[in-house]
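Notes for the one structure printed next.
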Amino acid sequence: MKIGFIGVCRTTMDLASRAAKSGHQVLISHTRNNNHMRDLVQMMDGKVKLVSRREAAKAKMLVLFIPREDIQLFLSDLPDMTEKILVHANNPIYSLECLEPSLNMKSSGEIIASLLPEAHVVKIHNIVDSDIPVPMHKKHENNELFYTGSNKLAKNKVKHFLKTLNFSGIDFEEMYLETKFAYSSN
């Protein structure tokens, strides 16, 4: 499968490297300047190409890591995103409170969804704080990534994609509800 990456961080570069090693064609576009990425991309598998943002956006699945203040700028001129899966990789989870709806501010995922309403946004999370309550049978390991989203088919495709990268994808909303139920019934 062809996977596009717009924006670079440790997580997206790990995903890109794993995707290339797993046989996916990887298209990377840095949000600032692709020249900084040339050496890094050359060291990766030959299935990785440094491309423009518009070229990366043509992939079936698009992984985004865009500074919040630049979201509108970087998404404004993309080609048709109808039915595309956008894997939003910003903002690690430090506590469960960050998932509570805020009355004052839209999350970067909400901004992306409002700018590209025809696409399916699936957010992936790294849990940073080991004190976040996770059911005992679901304690997370280093090879697990959590995801959230409103489209079940898109979430299943992301889960399958993560599996091809040797990650175990866990639906955070399902786990959160299970955890909340487990703690409330005690």
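The values are calculated or read from the model by the stated rules, or taken from the named source; none is laboratory data. Worth saying up front: this structure is predicted, and the values here are computed from it rather than measured. As a convention, Cβ positions derive from the backbone with ideal geometry for all residues, glycine included, and neighbour counts pool all protein chains shown. Quick note on the areas: whole protein, heavy atoms, side chains included, nothing else; ligands and nucleic acids left out. Shrake-Rupley method; radii C 1.70, N 1.55, O 1.52, S 1.80 Å.
Which one is surrounded by the fewest Cβ atoms within 10 Å (Cβ to Cβ), of the residues in the range 67-86 that are assigned to a helix (DSSP H, G or I) and among the acidic types (Asp, Glu)?
Here is the first cut: in the range 67-86, the ones assigned to a helix (DSSP H, G or I) are 68-75.
Those still in the list that are among the acidic types (Asp, Glu) too: 69-70.
Working: Glu69: 8, Asp70: 12.
Result: Glu69.
Considering (1) modelled with pLDDT under 90; (2) within 20 Å of Leu162 (Cβ to Cβ); (3) over 15 Å from the mean Cα position of the chain (by Cα); (4) of a type in the set (D, E, K, R), say which one Glu83 fails and leave the rest.
Result: Glu83 fails condition (1) only.
Anything in the range 146-163 that is open to solvent by less than 50 Å² (accessible area, probe 1.4 Å), assigned to a helix (DSSP H, G or I) and free of Cβ contacts under 8 Å to residues at least 60 places away in the same chain? List them, or say none.
First, the residues of the range 146-163 that are open to solvent by less than 50 Å² (accessible area, probe 1.4 Å): 146-149, 151, 154-155, 158, 161-162.
Next, only the ones that are assigned to a helix (DSSP H, G or I) stay: 154-155, 158, 161-162.
Listed by number, the residues that qualify are Lys155, Leu162.
Filter the range 164-186 down to the residues that are under 20 Å from His24 (Cα atoms) and surrounded by fewer than 17 Cβ atoms within 10 Å (Cβ to Cβ), then identify the one that is modelled with the highest pLDDT. Steps first, answer last, please.
Here is the first cut: in the range 164-186, the residues under 20 Å from His24 (Cα atoms) are 164-169.
Keeping just the survivors that are surrounded by fewer than 17 Cβ atoms within 10 Å (Cβ to Cβ) gives 164, 166, 168.
On the way: Thr164: 95, Asn166: 92, Ser168: 87.
Among residues in the range 164-186 that are under 20 Å from His24 (Cα atoms) and surrounded by fewer than 17 Cβ atoms within 10 Å (Cβ to Cβ), the one modelled with the highest pLDDT is Thr164.
At pLDDT below 80 and crowded, with 16+ Cβ neighbours inside 10 Å: is that true of Asn90 in this structure?
Here the answer is yes, as Asn90 does meet what is asked.
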